[in-house]
1. Mind running the shape call on segment 16-60? Use the C-alpha gyration tensor, a ≥ b ≥ c as the square roots of the eigenvalues: rounded below 1.5 for a/c, prolate if a/b tops b/c, oblate otherwise.
2. Under 8 Å for C-alpha pairs, at least 6 residues apart: give me the relative contact order for the chain, rounded to a whole percent.
3. Direction-averaged shadow area of the convex hull around the Cα atoms of the chain, nm²?
4. How far, in degrees from 0 to 90, does helix 2-27 lean away from the longest principal axis of the Cα atoms of the chain, to the nearest 10?
5. Against the globular-protein guess of 2.2 N^0.38 Å, express the Cα radius of gyration of segment 48-92 as a ratio, rounded to two decimals.
6. Which angle between 0 and 90 degrees, to the nearest 10, do you get for helix 58-86 versus the longest principal axis of the chain when only C-alpha atoms count?
7. Can you tell me the 0 to 90 degree angle between the C-alpha axis of helix 35-54 and the longest principal axis of the chain, rounded to 10?
8. In Å², what does the accessible area per residue of segment 26-94 work out to with a 1.4 Å probe?
Amino acid sequence: MADYIGSVAAFLTTASFLPQAILVLRTRNTEGLSLIMYAMFTAGITCWLVYGLMIQSLPITVANAITVVLAAIILSIKIRNTVTARRGHSEPLI
């Protein structure tokens, strides 16, 4: 039963992240996203992935593996946009 609940929770939290990821991937617009928040989020998800591997929990491992890939892509786009902004464009730095 615990694995079932964990699987449902993993699916819902990963699925809830998909609309934001798809929007950023499609538009490349990260103006409304905080660089610090996304860096912390990606680090936290990476820790959850390592934790899932350590305790050999398939729901935690799979959900966080998917989310860390998407979060890392968004973080890299945000970093690129921030660097571009520092060169004189309009993207906020934080």
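The values are calculated or read from the model by the stated rules, or taken from the named source; none is laboratory data. Computed from a predicted model, the values in this text were never measured in an experiment. These accessible areas exclude ligands, DNA and RNA; they are computed on the full protein's heavy atoms, side chains included. Shrake-Rupley method; radii C 1.70, N 1.55, O 1.52, S 1.80 Å.
1. Cα axes put segment 16-60 in the oblate bin.
2. So the answer I get is 35 percent.
3. Average projection, Cα convex hull of the chain: 5.9 nm².
4. Tilt relative to the chain: about 20 degrees.
5. In units of the globular-protein estimate, segment 48-92 measures up at 1.66.
6. Long axis of 58-86 versus the principal axis of the chain: about 10 degrees.
7. Compared with the principal axis, the helix lies near 20 degrees.
8. Normalised by residue count, the accessible surface of segment 26-94 is 63 Å².
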